[in-house]
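Read through the structure below, which is laid out as structure tokens, and then see the notes.
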Amino acid sequence: PDTIKMPKIEKTVLQNDPNEAESGARKPKTPGQSQENKSFCLDDHSPESQHEVLSVTDLIETVNEVSKLSIAHEIVVNQDFYVEESVLPPNSLEGRIMEMMYNAFWDHLEDQLSSIPPDFTCALELLKEVKEILLSLLLPRQNYLRNEIEEALDMDLLKQEAEHEALDVPHLSNYILNLMIRLCAPVRDEAVQKLESITDPVQLLKGIFHVLGLMKMDMVNYTIQNLRPYLQEHSVQYERTKFQQLLNKQPSLLDCTTKWLIKTAIDLTTPSPSSPDSPRSSRMACSSPNWAANNSELPSSTMVLYEGYVNLLLWDSDIEEFPETLLMDRMRLREIESQLNQLTILASVLLVARSFSGNILFSTPKFLDKLKYITMALMEEFNPRPEEAMVSVSEQVSYEIHQGLKNMGLTALSSEKTASLIGQLQNIAEKENCVRSIIGKSPMVVVVVVVVVVGRGGKDVEDEKVELTLAGNQRSRFFLKCCLVHGMQESLLDFPGGLILIKEELAELGWKFVNLMHHNQQVFSPYYEEILKDIIPPAQAQEKEVESI
């Protein structure tokens, strides 16, 4: 059988031993903290590093490039991205220090203006800054207004007036307020109007700076909104160019990405004796750990990449460093992972509840939506206290089923079945719960085992059949991978029956995941191909089509 060719730069990783491949990964000095607050690994100071340490100037330039790349990427992939006012917690140390410095500055300004004769040193600096902010708020075509501001706030002239104690601060403040009314967004009209009633010059300047800060924020958001279509059109080339500039300065910037792809390829081609062959094939069966054992061909590079993408939803940051090419999307992937786990719990609850109450009640959209809303609301405390959360869920779901059956004139659950329902719902809190584990099964596993859930109150034959049907097709992560492979439209047409109760929610999450990963694939595909060409022979990769996965 064919063996995987490892990239030449990974000389310490043996070709046929996945354990040795894992041991070649560089471990963070402090688990879970190595990449937590980084956009990219800017340097490697380990003894093995063949690269020179970046100079201070190079480091500053690199940080600036990373910042530009991160902001551009955020604007493109996050349609809701906007700049908002930063408010420090009032009781925080940073908040208290900022407040003290802020008050000290304005107190100093008040002392200067109250002195005889008045000292306008700070006031002139503030007016200079106000002028710069006002000019920054102008559009390129507003040349007339630009000239007006330059003339009205001529700093040389104002300095001469201050030296002769003739600087009219109230008059200048009124002029600035009139300009602000002309330039501000409608949402700021009320804030500017409130400033007109302030007579104290210090308080007025303080208010002017606060509102100008909000106006600057509005202008930034306006610019983002207008820039987004252009960035979306050119984002792939822009991000790739910026990343290449970083890679030129830091050649080790793909180390973790290389190890991630190597490990994924090894996992795909390593036989797993614990997983028997599936008795039936399906278009949804995208991959399996036994794939290489049953097929002498190597997986395609696309298959390796998509498998790697889905594996990111199961990433253990305490063990492995995150791929550099996906660091900007790390928090988004964590959010998708969290939402996927919530949907897994929700689907488990709904399936168990339906197995007791029957399809008639669950065919009512109003009842199903209400049960989803209640369950998701009560699951907000699931992570810190899963047992307590599921106690609340089980009690409320049991009550809603009782009321639903009663309202529809159907037979209510017996006390024995009610106790069994509550018991099975509470058991979902356990990670090894069979219903939950089947729904959230890893995409690499083709489930063929027969699962029978034994409730506290016993189960009849009809309930047992429901549990038997769970084993074939309910794998939420598996669905996400098929969305990558086959596309969303085709995957939705062949949606797993066991997940139909959360189809809308899972489809929405699938769109988010697929769009994010496809953008990443477009940007970094040349780097992935360069890495994978040493793992998968080019001829082999060309022969295999994505449809054969």
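The values are calculated or read from the model by the stated rules, or taken from the named source; none is laboratory data. Given the structure is predicted, the values throughout are model-derived calculations rather than measurements. Cβ: placed from backbone, ideal geometry, glycine included. Neighbour counts: every protein chain shown. For accessibility, only protein heavy atoms count, side chains too; no ligands or nucleic acids. Shrake-Rupley method; radii C 1.70, N 1.55, O 1.52, S 1.80 Å.
So what is the relative contact order for the range 93-226, in percent, with contacts set as C-alpha pairs under 8 Å and at least six apart?
Relative CO of the range 93-226 lands at 24 percent.
Residue separation times 0.36 nm, minus the C-alpha to C-alpha distance between residue 522 and residue 187: what's the value?
116.7 nm
Let me cross-check residue 372: its accessible surface, 1.4 Å probe, with only protein heavy atoms counted, in Å² to the nearest 10?
Its accessible surface works out to 20 Å², give or take rounding.
So how do 307-315, 413-421, 343-351 stack up, highest first, on mean other-Cβ count within 10 Å?
Output ranking for 307-315, 413-421, 343-351: 343-351, 307-315, 413-421.
Based on Cβ point charges of +1 for Lys and Arg and -1 for Asp and Glu, what charge dipole magnitude is obtained for the range 93-226 about its Cα centre, in debye rounded to the nearest 20?
My answer is approximately 680 debye.
Given Cα positions, please report Rg to Rh for the range 93-226, the hydrodynamic radius being the Kirkwood one. Present the calculation step by step, with values, prior to reporting the outcome.
On the way: Rg = 15.7 Å, Rh = 16.0 Å.
Rg/Rh for the range 93-226 comes to 0.98.
Over 28 Å between Cα atoms, which of 263/372; 131/242; 372/512 qualify?
Details: 263/372 38 Å; 131/242 34 Å; 372/512 21 Å.
With Cα atoms farther than 28 Å apart: 263/372; 131/242.
Compute the FRET efficiency between residue 150 and residue 408 as 1/(1 + (r/R0)^6), taking r as their Cβ-Cβ distance and R0 = 56 Å, and round to the nearest 0.05. Show your work: numbers first, answer last.
Values: r = 75 Å, r/R0 = 1.34.
Efficiency computed from Cβ-Cβ geometry: 0.15.
What FRET efficiency do you get for residue 240 and residue 316 if R0 is 25 Å and r is their Cβ-Cβ distance, rounded to the nearest 0.05?
Once the sixth-power term is evaluated, E becomes 0.30.
Rounded to the nearest 0.05, what FRET efficiency do residue 503 and residue 105 have when you use their Cβ-Cβ distance and R0 = 51 Å? Let's see the in-between values first.
Numbers: r = 57 Å, r/R0 = 1.13.
After rounding, the FRET efficiency stands at 0.35.
In the range 80-184, what GluC sites (Glu not before Pro) fall in a loop by DSSP, with at most 13 other Cβ atoms inside 10 Å? Provide the component values of the computation, followed by the final result.
Values: sites: 84, 85, 94, 99, 110, 125, 129, 132, 148, 150, 151, 161, 163, 165; in loops: 84, 85, 165.
Within the range 80-184, the qualifying GluC sites (Glu not before Pro) (loop, at most 13 other Cβ atoms within 10 Å) are 84, 85, 165.
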